[in-house]
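Asks: Below you will find the structure I want to go over with you.
The values are calculated or read from the model by the stated rules, or taken from the named source; none is laboratory data. Predicted model, so just to flag it, every value in this text is computed and none were measured. Using ideal geometry, Cβ is built from the backbone for each residue, glycine included, and neighbour counts are taken over all protein chains shown.
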């Protein structure tokens, strides 16, 4: 067979040749911008050529700080197409982390959306490798900035040859992109994508049993292009000639609902919080969402009420994808099998709330205290993943060893796998309670607790225990009307029929509030520290 | 990214783990045989282990002479899974060619369907490398044979360990399979498939815009498993957990119609002659084909009447695939773009009669006398293909140079490409007429001629010409009632409004019959020789 490398530039070339008239629609406060794939290809070639003239060479990192729009899409193809590496930067990083990732990746050039200049200006003096700032904005709309040297994107394009030819002598294992993921402690960790991994991952998005992304689709990528390549949607959509709708910074639910309605969006992807906000908007005002054939969510579990509302009330099929920065990201999708399609809605929603089946090309397994777990939907183990679009290390980072062992990615997610092969996340390894050689899921206990009418919120953490090693303790905040009215025994009685006996928390600690991170997640580390003082490890229950 | 090779065995492993209950249904004169993917996996492992014990080593060729059935499917995974090479042999080869391909491939073992033993027995004394014949049949159903040594498949399996583990340290570029294709002159030419090429080709069959093969499908592979891996369907269907229906030797249209009806087949693939016969059967008797969502055809152009009948009369969407043994085979599919779906039926059928759009991952272009042709639907050129599942040579064959040049496969098919990127075959290069630096399609002229009410059949060939190099001459057989009633001028007048003036044949030669090959194709070489005597090259018209 021909030794043809799996590269990114032929994806764009296919769109240019076969789908030149299909459109990329991008939103900004100035309104909608429409351009064809023919124009997108021409502009990407201009950008690649101009970056080369600016001194960007094969292997150099080019950073982007940008929303989802047509210019960012052009960079998605121009930068890897010319052999350089697209480093998409999370625009919500702290100044400290922002400085770190740009310096650590050694970005040579930064492409910055005009609206995000202040973020870069704040750290510019700390940046050690950046030789030019390219400001992405409409011409005639050039902002003042303290950055230096500054080049305006549209002027830069004019320096580039629209007939530039993407090199085809790249190695498919050459780096094509990179993305940093936040670490539990310390600085973000970088993941490097290759041409091969992007090619294979993009194909997987087109499979009928994953998303079935098609030329006939109109794809609205709500998930940011700085977040794991917007789940790979911009690459796959371009390759397949899919119409793309890129919302720019316009992420308000009313704007998204309007876009879905006016552009007849068929497929969209984003985190649950976006869709919960959309549901609220749909309650407020009526929109025509009949074009939607698939609403993809991922990045966090979604409440059952969200799935039910979309499927039942609005007739929008939902699909959960699971993955992480290290996995490009698609690992599993919650697609039901043919013989499950006739199950009652509630059962189907329960299945769709699981993370789902591994897509073709990847292997998954889970390892618990006793080795590889049975696929019985009960035994718990840490999810391990292997495959050609799974990272094998962090970029120049000593912390790689923890996650990458024996050829598998150790995800840190504790899961069950049912006899159908459906993966379900039970916990994060660090939040898991290891009791007497068995594992207890803090997430399951929290969900059970929060179903109690008096409970406002609940977090379950492990406390050390001499005999059992660890035991669960539940921290519960009661709703205002119930404070002081509910006893520990009442809560335990409520849990008893729902969980195994040895899962019952040793203690229910009532609190006025739970410590939380800046994004609203429970700060379990702080809880564990608080509780350690109260529970001595040598108690025997 | 992880250096995980793209291999075949994980496809089967996915079916075993995630779709253990899904079925493979195979037909024989004895009736339907059903087995699950769990059983298929177990038996494939037994076969692999037993072949190893028999002395088959990595890289050894294992030949199969078999119909489409569950045992052949087991070999599809066992042989490449263990690192050996699956050589699927066309059971319709002449004894001379059969002997050649087995000796040329150096098959070490032959798996032979019991019904095909006479074919092998006839050449057995000529075979130089075969060390064992494994007869595929039900136990208790063991035929007499002169072959030696003979092992019965079901007994062989008992020697194999069902817990055999497929090696994962293969190189993705290792050979996995091979298939010989007939040559214009001389012996068949061998094409070697690799694990990588099968992996990538299989993914392409799952794309929504190609076949969209899915777990929910019931796939009837009518195209033989000895013919380019049944277009790759058995690999992809297993990987995706698709229910498979394998018709064995039962290829009569009534049996196929019954199967589609009883097994609720959703997708099927085969050559046009099969579907034309099926249409005839549908005229005769009523069947419920409502489960069919896709009827794939390829291998030869189909008459417009066939497409119309399936789409209009039976509501079965048809899709043409184009490819060849050298291309794994999928290169293009005649899938319409979203904005073409609302065109009138006739226009859609005209498009579906074209070979279609290149699938993601491949590049196509066409080269004519003036270099790469314009995509205008008019200019003609030889189709060239490049990609990771396209062969780069014939196996140990001096004839490779002709077809493989400058990194492209030269298909020998002359095509036009329209502005939408739709490839349409105009001719074979060898049948093309090269007149004054321009190309004339013999196929187009023949189609135009055969639309005349008096014409029974027509073949157009090139005759040498001093000024124009070549000119077309039409050989026409008139229908019985019209013999002697139609003049050359009448035929030319009929053609005149349909073709360019310089395309008009120099001569219409009326004949009683046209020379044909054993499979009914016009023997143009013989025609050219006949005509050469009549037309001197130095004539000037």
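Asks: Kindly indicate whether any position in region A:306-314 is part of a loop (DSSP other than H, G, I, E, B) and touching a residue at least 24 places away in the same chain (Cβ under 8 Å).
Replies: Yes, there is a match, as at least one residue in region A:306-314 is part of a loop (DSSP other than H, G, I, E, B) and touching a residue at least 24 places away in the same chain (Cβ under 8 Å).
Asks: If you don't mind, another one. What are the pairs, 6+ residues apart or on separate chains, where a residue within region B:484-500 that is farther than 22 Å from residue B:512 by Cβ has its Cβ under 9 Å from a residue that is surrounded by fewer than 16 Cβ atoms within 10 Å (Cβ to Cβ)?
Replies: Hits for this filter: B:498/B:451.
Asks: Out of the residues in region A:362-375 meeting the condition of being part of a loop (DSSP other than H, G, I, E, B) and more than 14 Å from every other protein chain (Cβ to nearest Cβ), tell me which one is surrounded by the most Cβ atoms within 10 Å (Cβ to Cβ).
Replies: A:369
Asks: Is it the case, given these coordinates, that residue B:295 is modelled with pLDDT of 95 or more and surrounded by 17 or more Cβ atoms within 10 Å (Cβ to Cβ)?
Replies: Spelling it out, residue B:295 is indeed modelled with pLDDT of 95 or more and surrounded by 17 or more Cβ atoms within 10 Å (Cβ to Cβ).
Asks: Let me ask you something else. Is it true that some residue in region A:345-353 is in a loop (DSSP other than H, G, I, E, B) and modelled with pLDDT under 95?
Replies: yes
Asks: Report the residue count in region B:24-40 for those that are crowded, with 21+ Cβ neighbours inside 10 Å and either farther than 29 Å from residue B:116 by Cβ or within 14 Å of chain A (Cβ to nearest Cβ) (or both).
Replies: 1
Asks: Could you check, for region A:350-359, whether at least one of its residues is over 20 Å from the mean Cα position of the chain (by Cα) and either within 9 Å of chain B (Cβ to nearest Cβ) or farther than 12 Å from residue A:418 by Cα (or both)?
Replies: yes
Asks: Can you pull out every residue in region B:328-349 that is farther than 22 Å from residue A:239 by Cα and in contact (Cβ under 8 Å) with a residue 40 or more places away in the chain?
Replies: The one that is farther than 22 Å from residue A:239 by Cα and in contact (Cβ under 8 Å) with a residue 40 or more places away in the chain: B:349.
Asks: Here is a follow-up. Could you please let me know if residue A:353 is touching a strand residue (DSSP E or B) at 6+ places or on another chain (Cβ under 8 Å) and crowded, with 16+ Cβ neighbours inside 10 Å?
Replies: Judged against the criteria, residue A:353 is a match.
Asks: So residue A:485 passes all but one of these: (1) at pLDDT 90 or above; (2) part of a loop (DSSP other than H, G, I, E, B); (3) surrounded by 16 or more Cβ atoms within 10 Å (Cβ to Cβ). Which condition number does it fail?
Replies: The number of the failed condition is (3).
Asks: I would also like to ask the following. Can you say whether residue A:141 is part of a loop (DSSP other than H, G, I, E, B) and more than 9 Å from chain B (Cβ to nearest Cβ), as far as the supplied structure shows?
Replies: Criteria met by residue A:141.
Asks: In the list A:176, A:230, A:236, which residue meets the criterion of being within 15 Å of the chain's Cα centre (by Cα) and either crowded, with 24+ Cβ neighbours inside 10 Å or within 14 Å of chain B (Cβ to nearest Cβ) (or both)?
Replies: None of the others qualify; the one that does is A:230.
Asks: If a residue counts only when it is within 14 Å of chain A (Cβ to nearest Cβ), which strands (runs of 3 or more DSSP E) contained entirely in region B:376-469 have at least 1 such residues?
Replies: Where strands (runs of 3 or more DSSP E) fall fully within region B:376-469 and carry at least 1 residues being within 14 Å of chain A (Cβ to nearest Cβ), they are B:381-386, B:408-417, B:423-428.
Asks: Could you check region A:217-301 for strands (runs of 3 or more DSSP E) lying wholly inside it with 1 or more residues that are over 19 Å from residue A:89 (Cα atoms) and outside the structural domain of residue A:204 (by TED's automatic domain parsing)?
Replies: Output list reads A:267-270, A:294-297.
Asks: Okay, next question. Name every residue in region B:85-105 that is touching a strand residue (DSSP E or B) at 6+ places or on another chain (Cβ under 6 Å) and either more than 22 Å from residue B:137 (Cβ to Cβ) or not assigned by TED's automatic domain parsing to the domain that holds residue B:152 (or both), in order of residue number.
Replies: Those that are touching a strand residue (DSSP E or B) at 6+ places or on another chain (Cβ under 6 Å) and either more than 22 Å from residue B:137 (Cβ to Cβ) or not assigned by TED's automatic domain parsing to the domain that holds residue B:152 (or both): B:85, B:101, B:105.
Asks: Could we say that residue B:34 is closer than 27 Å to residue B:262 by Cα and more than 25 Å from the chain's Cα centre (by Cα) here?
Replies: Considered against the rule, which asks whether it is closer than 27 Å to residue B:262 by Cα and more than 25 Å from the chain's Cα centre (by Cα), residue B:34 comes out as yes.
Asks: Condition test on residue B:71, is it more than 21 Å from residue B:243 (Cβ to Cβ), at pLDDT 95 or above and in the same structural domain as residue B:160 (by TED's automatic domain parsing)?
Replies: Here the answer is no, as residue B:71 does not meet what is asked.
Asks: Just give me the residues in region B:195-220 being touching a strand residue (DSSP E or B) at 6+ places or on another chain (Cβ under 6 Å) and within 11 Å of chain A (Cβ to nearest Cβ), in sequence order.
Replies: Hits for region B:195-220 are B:195, B:198, B:206, B:210, B:217, B:218.
Asks: Can you name every residue in region A:97-112 that is under 24 Å from residue A:248 (Cα atoms) and touching a residue at least 60 places away in the same chain (Cβ under 8 Å)?
Replies: Listed by number, the residues that qualify are A:97, A:101.
Asks: How many residues does region B:144-169 contain that are buried (at least 19 other Cβ atoms within 10 Å of the Cβ) and within 14 Å of another protein chain (Cβ to nearest Cβ)?
Replies: Summing the residues that are buried (at least 19 other Cβ atoms within 10 Å of the Cβ) and within 14 Å of another protein chain (Cβ to nearest Cβ) in region B:144-169 gives 1.
Asks: Follow-up question, since we're still on this one. Considering only residues that are more than 28 Å from the chain's Cα centre (by Cα) and closer than 17 Å to residue B:303 by Cβ, which ones fall in region B:457-498?
Replies: Those that are more than 28 Å from the chain's Cα centre (by Cα) and closer than 17 Å to residue B:303 by Cβ: none in region B:457-498.
Asks: Look at residue B:283 and say whether it is more than 22 Å from the chain's Cα centre (by Cα) and on the phi < 0 side of the Ramachandran plot.
Replies: yes
Asks: May I pose another question? May I ask you to say which residue of B:77, B:19 is away from chain A (no Cβ under 14 Å), modelled with pLDDT of 95 or more and closer than 30 Å to residue A:196 by Cβ?
Replies: B:77
Asks: What are the residues in region A:241-265 that are within 14 Å of chain B (Cβ to nearest Cβ) and either touching a residue at least 60 places away in the same chain (Cβ under 8 Å) or surrounded by fewer than 21 Cβ atoms within 10 Å (Cβ to Cβ) (or both), if any?
Replies: Correct list: A:241, A:242, A:243, A:244, A:263, A:264.
Asks: Further, regarding this structure: Is it true that some residue in region B:317-331 is more than 13 Å from every other protein chain (Cβ to nearest Cβ) and more than 18 Å from the chain's Cα centre (by Cα)?
Replies: Among the residues of region B:317-331, at least one is more than 13 Å from every other protein chain (Cβ to nearest Cβ) and more than 18 Å from the chain's Cα centre (by Cα), which makes the answer yes.
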